[in-house]
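Bear in mind that the values in this text are calculations on the coordinates, not laboratory data. Worth saying up front: this structure is predicted, and the values here are computed from it rather than measured. Quick reminder, even Gly has a Cβ in these numbers, built from the backbone with ideal geometry, and neighbours come from all protein chains shown.
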Amino acid sequence: MKNITLLILFSGIIVLCGCPSNEETAIVSPPPIDSCTNANENLYYASRFPIGTAVNYDAWKSDPEYAQLLSKHFNSVTAENIMKPAYLHPDENIYRWELADELAEYCKNKSIRLHGHTLLWHSQLPSWMQFYQGDEAAWDAMMKNHIQTIVRHFKGKVAAWDIVNEAFEEDGSFRRSVWYVQLGESYIEKAILYAKEADPNVLLFYNDYNLEFNALKRSAILAHFGKLRTKGITIDGIGVQMHIFHVYPSPLMIRECFN
């Protein structure tokens, strides 16, 4: 078998749940992998929490080796593109469910956790949404319909959604996306409420990048969601978006196991 390098996309999570602040959570180390037998069985065997990856639909459907690695080593997946607004909602009155439904059915049959990415973003928007004409009330109604139609469609199939993606600039200010320009900063709290109304059981995350080293941006985001929390508007966590090249337990062992 040819050499295979695994690129794993980790999203760190800063939890902002409704738990008491004095409640401590035990940090448990994953069980050691001491043989190629266990490492080759499945990657997520090494962890007591889901190990996920982004799934490229075309590669998944056309490359048997890609599909085999996905099925064997990951128990949580996020669609790379097919659940973003431009793909899922290409026209105001048209939703393109087929590819995302296929992935959702696959995850259900394989007992794989499906993470939805993303309901609102400044990028990869369909043109009709970017140039939507209407007053603030019309924009609000359009956003609500977009969120709730998608969340209800995948209710019971998607474990969690990135409710809003990359809404802050590096200096901690709000990104001037179409959502911010048309609805102001309240669009974030409205999006949360609309999603919870559509599926009270789905987990909701805010996702952004550079939070691991940009204290200014990180503090602004934590402050904003802390403010929302005082109003009773909560999310379940913050995704720390980063691309980390990593193998477990060592590059040598992984390379040997997959030769």
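With θ set to phi - 60° and the Karplus curve 6.51 cos²θ - 1.76 cosθ + 1.60, what are the ³J(HN,Hα) couplings of the stretch 77-87 in order, to the nearest whole Hz, using x for Gly and Pro?
Once rounded to whole Hz, the list reads 9, 10, 5, 5, 9, 6, 10, 7, x, 4, 8.
Work out how much length THR230 to PHE213 would gain on full extension: take 0.36 nm times their residue separation and subtract the Cα-Cα distance, in nm to one decimal.
Stretched out fully, the THR230 to PHE213 stretch lengthens by 3.5 nm.
Express in whole angstrom the spacing between the alpha-carbon centres of the stretch 78-95 and the stretch 142-201.
14 Å
Add +1 for every Lys or Arg and -1 for every Asp or Glu among the other residues with Cβ under 13 Å from the Cβ of ALA195, and state the total. List each step's numbers first, then the result.
Working: positive: LYS144, ARG152, LYS155, LYS190, LYS196; negative: ASP162, GLU189, GLU197, ASP199, ASP236.
Net charge around ALA195: 0.
Within a 10 angstrom radius of the beta carbon, how do THR234, THR53, THR118 rank from fewest other beta carbons to most?
Details: THR234 15, THR53 20, THR118 23.
By the 10 Å Cβ count, ascending: THR234, THR53, THR118.
Once fully extended, how much extra length lies between ASP101 and ALA141, figured as 0.36 nm per residue of separation less the alpha-carbon to alpha-carbon distance?
Computed gain between ASP101 and ALA141 is 11.9 nm.
Within a 10 angstrom radius of the beta carbon, how do MET242, MET143, MET83 rank from fewest other beta carbons to most?
Listing MET242, MET143, MET83 from fewest to most nearby Cβ atoms yields MET242, MET143, MET83.
Starting from the amide H of VAL55, placed 1.01 Å from N in the peptide plane, find each other amide H under 5 Å away whose residue is 5 or more places distant or on another chain.
THR78, ALA79, GLU80
Please give the net charge around VAL164, taking every other residue with its beta carbon less than 12 angstrom from that of VAL164, where Lys and Arg add +1 and Asp and Glu add -1.
Details: positive: ARG175, LYS190; negative: ASP162, GLU166, GLU185, GLU189, ASP208.
Combined, the nearby Lys, Arg, Asp and Glu give -3.
Got a sec to turn the phi values of the stretch 207-217 into Karplus ³J(HN,Hα) couplings, 6.51 cos²θ - 1.76 cosθ + 1.60 with θ = phi - 60°, whole Hz, x for Gly and Pro?
Calculated HN-Hα couplings, in order: 10, 7, 10, 6, 6, 6, 10, 9, 5, 5, 5 Hz.
What's the exposure ranking of LYS155, LYS231, going from fewest to most Cβ atoms within 10 Å? List each step's numbers first, then the result.
Values: LYS155 13, LYS231 8.
Lowest to highest Cβ neighbour count: LYS231, LYS155.
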